[in-house]
Amino acid sequence: MGREEFLFLLAGLKWTVALSVVAFICGSVAGLMVALARTSGIFIVERLTAGYIAVFQGTPLLMQLFVVYYGLALIGIQMDAWAAVSVGLTLHASAFLGEIWRGSIEAVPRGQTEAAKALSLGYVSRMKDVVLPQAIRISLPATIGFLVQLIKGTSLASIVGFTELTRAGNIISNQIFQPLTVFGVVGALYFLMCCPLTIYGAHLERKFLTASR
Amino acid sequence: MNYTLDFTPVIDGLPNLLWACLGTFTLAICGMLLAIVIGIGGVILRQSPLKPLRWLVIGFVELIRNTPFLVQIFFIYFALPLAGIRLDPTPTAIIALGINGGAYAIEIIRGGVQSISKGQMEAGLALGLHKAQVFRLIILKPALRAIYPSLTSQFILLTLTTSIASAISAYELTSVSQRIESDSFRSFEVYFTVTAFYLVISWVMMRIFALFSSRYFSYPVR
Amino acid sequence: MNQTINSATTTEPMISLSGVEKWYGAFKALDNINMSVAKGEKIVLCGPSGSGKSTLIRCINHLEAYQKGDIHVGGIMLGHGSKTIDAVRREVGMVFQQFNLFPHLTVLQNCMLAPMRSLGLDKAQAEDRARTLLERVKISEQAEKYPAQLSGGQQQRVAIARALCMRPKAMLFDEPTSALDPEMVKEVLDTMIALAEEGMTMICVTHEMGFARQVADRVIFMASGAIVEEAPPAEFFSNPKHERTRKFLGEILGRH
Ligand SMILES: Nc1ncnc2c1ncn2[C@@H]1O[C@H](COP(=O)(O)OP(=O)(O)OP(=O)(O)O)[C@@H](O)[C@H]1O
Ligand SMILES: [Mg+2]
């Protein structure tokens, strides 16, 4: 594999990073909504969000991308693969992050909410100033863990036809007939992105564990 | 905008899709079994007194956990023939699923064994049981119970991951649905239906896991 | 050897340690331990936290390996091969501070497991034996329950019955009452007293000085991994020879 091919892979890597960042940021915003809806205390809203989460957790990401990709076209929204995949990954992330954050909102001791209520704080302040700051801290290891899942998940965009790192690898591999070298390099690039995050997440988890003792 | 949904190709393809569900189940179950074997073997090696062995296991786990399954399955798909092993896509997919699931299983099982207090081991030894007996009769069940939730959700994940095996045309639900889609161009209808299939599959597996757990782990804990 | 041997017995001791040393890395946890326990003798082992009491009795059934010296139990030399270790473990029962009952087995199953798997009893024999001993620790009506459904005191009595089901020649107790709520201490001590009266050879790590006065033939005081003083309880409590013993007794009796 020459310099040319490696640069092509790096161009794909750029899109993998872009997809991951967009999906994580948009997914976080949507996921926060999902988490708040899931803990809203309004029965029907909670059931609906629980269903939303269950669908995304009970089906393959690949299918989610297919359905969003063809579903958007169907309702007349013309999008290129990049935008469609971003939407699909965002929805996927919103469900998973929503569930992670629901768990950490519920892990904040009840006394915190009660104390905030006793101080006559409204819902927004209660959440924004009291519950969420603690919940985010609790959720950090799991959130980072999901970010790693998401980065790996962007590889499925290649099956939908978007040229990110894995698809770039496929293309090169078909050109130079060295699949092991190419996919070895592709794997190494993913590893370089994910491993620091994994290590950082594990570090945070250990830190929280010892702090809570 | 004047698109009308047409599920006829889906209905015509229904028998094929149902058979393909069986393929998905086969991939999932064989993958799980292989994952358990790799998981247990990995944990044993991980506790070996030989440092290089321990590092090998750690390296394997991190390598698998930090790269996409799609890349792993491509790599294995191309690597096996070079190693002189000629396999159909379906067994290849099972190997890839087992290796991937095995890496996660190692971490989960290790946590379970660690969750059992040292006192349990000692109480068994003090009663004159051998180490192997202590493990089999005393450690195993509580450890299984401790890891059961994470292990089963990992298995559900593995089941959903089987859809990626379509990338090497293994026989399972996604690849069959792709064939129906390319014949009929009813993409949304096909994928929507198949998504529902997957939802049912993962729900059924969840029920089975829960049923098993209520049978087998019914002893009370504090 | 055995300068400290109990002069009352002429027969071979049930348990004897000579020159035992145990290291955790560079830390010496046991320092030249010599002691011998005659058949039917009751020893209470006490001393400040970290003095090596647990380490000492855990060496006797080889839950801890030791680096120097010899330990004999019931005529068996506790070597480092697994054969004699297993034999010794079949001969001595141990009761732990944290009970260590097996959570996934009922009380009855807890008691039957080792007799079946280690002694090779069949199911009927093991159950028979288990029920008899559960009766003896006055807990037979709980036989079908799981450990988590019992109080701490009940759990500890089951643990005693479980050890007795192996028909041990000696019993080791490591602070059997210190994880218990105060109101449950008595039921466990009563069980131990009854066992002592039946002639069981016992080594008990405990700070229950009332128990020591009533049951012990000798009290052994340890500090910093060494045996500092040993004497019959009357003498031990009324006339301790060593400064460290006096200080320890002052603390422990003052607290009660
Ligand atoms: N696994 C170990 N590694 C290193 N040091 C140990 C270990 N186990 C015990 N020790 C040390 O050995 C010494 C003796 O410990 P041991 O548990 O026998 O004390 P103890 O007299 O039973 O105390 P306690 O009353 O607290 O139970 C202590 O200083 C302890 O810190
Ligand atoms: Mg101790």
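The values are calculated or read from the model by the stated rules, or taken from the named source; none is laboratory data. Note that the structure is predicted; figures quoted are calculated from it, not measured. Cβ atoms come from the backbone with ideal geometry, glycine included; neighbour counts cover every protein chain shown.
Looking at C:121, C:172, which one is within 13 Å of chain B (Cβ to nearest Cβ) and either modelled with pLDDT of 95 or more or under 19 Å from the mean Cα position of the chain (by Cα) (or both)? Result: C:172 is the single residue among C:121, C:172 that is within 13 Å of chain B (Cβ to nearest Cβ) and either modelled with pLDDT of 95 or more or under 19 Å from the mean Cα position of the chain (by Cα) (or both). Could you run through the range B:81-128 and say how many residues are farther than 30 Å from residue C:91 by Cβ and either in a helix (DSSP H, G or I) or within 14 Å of chain C (Cβ to nearest Cβ) (or both)? Number of matching residues: 28. Of all residues in the range A:148-168, those that are away from chain B (no Cβ under 11 Å) have Cβ atoms under 9 Å from Cβ atoms of residues that are among the basic types (Lys, Arg), 6 or more apart or on another chain, in A:161/A:167.
Which of the residues that make up the range C:197-224 are out of contact with any Ser or Thr (no Cβ under 8 Å at 6 or more places or on another chain) and within 16 Å of ligand 2 (Cβ to nearest atom)?
Residues of the range C:197-224 out of contact with any Ser or Thr (no Cβ under 8 Å at 6 or more places or on another chain): C:197-204, C:209-211, C:213-220.
Those that are out of contact with any Ser or Thr (no Cβ under 8 Å at 6 or more places or on another chain) and within 16 Å of ligand 2 (Cβ to nearest atom): C:203, C:204, C:220.
Counted as qualifying within the range C:35-105 are the strands (runs of 3 or more DSSP E) with 2 or more residues that are more than 14 Å from residue C:220 (Cβ to Cβ), more than 16 Å from ligand 1 (Cβ to nearest atom) and at pLDDT 90 or above, namely C:68-73, C:92-95.
From the list A:19, A:61, A:32, which residue is within 19 Å of residue B:153 (Cβ to Cβ), within 13 Å of the chain's Cα centre (by Cα) and not small (Gly, Ala, Ser)? Steps first, answer last, please.
Values: A:19 fails: within 19 Å of residue B:153 (Cβ to Cβ); A:32 fails: within 19 Å of residue B:153 (Cβ to Cβ).
After ruling out the rest, the residue left standing is A:61.
Being modelled with pLDDT of 95 or more and surrounded by fewer than 18 Cβ atoms within 10 Å (Cβ to Cβ) is a property that residue A:150 lacks. Cβ-Cβ under 9 Å, sequence separation 6+ or interchain: first residue in the range B:33-60 and free of Cβ contacts under 8 Å to residues at least 60 places away in the same chain, partner among the polar types (S, T, N, Q). Which pairs? Going by the 9 Å Cβ cut-off, the qualifying pairs are B:54/B:47; B:54/B:48; B:57/B:48. Only a single item in (1) of a type in the set (Asp, Glu); (2) over 17 Å from residue C:227 (Cβ atoms); (3) within 13 Å of ligand 1 (Cβ to nearest atom) is not met by residue C:31, and it is number (2).
Picking from residues in the range C:133-159 that are closer than 19 Å to residue C:96 by Cβ and hydroxyl-bearing (Ser, Thr, Tyr), the one that is nearest to the chain's Cα centre (by Cα) is C:151.
For residue C:225, indicate whether it is surrounded by fewer than 21 Cβ atoms within 10 Å (Cβ to Cβ) and either over 23 Å from residue C:107 (Cβ atoms) or within 14 Å of chain B (Cβ to nearest Cβ) (or both). Spell out the reasoning first.
Numbers: surrounded by fewer than 21 Cβ atoms within 10 Å (Cβ to Cβ): no; either over 23 Å from residue C:107 (Cβ atoms) or within 14 Å of chain B (Cβ to nearest Cβ) (or both): yes.
No.
Of all residues in the range C:45-97, which are away from ligand 2 (no atom under 16 Å from the Cβ), of a type in the set (S, T, N, Q) and out of contact with any Leu (no Cβ under 7 Å at 6 or more places or on another chain)? Those that are away from ligand 2 (no atom under 16 Å from the Cβ), of a type in the set (S, T, N, Q) and out of contact with any Leu (no Cβ under 7 Å at 6 or more places or on another chain): C:67, C:82.
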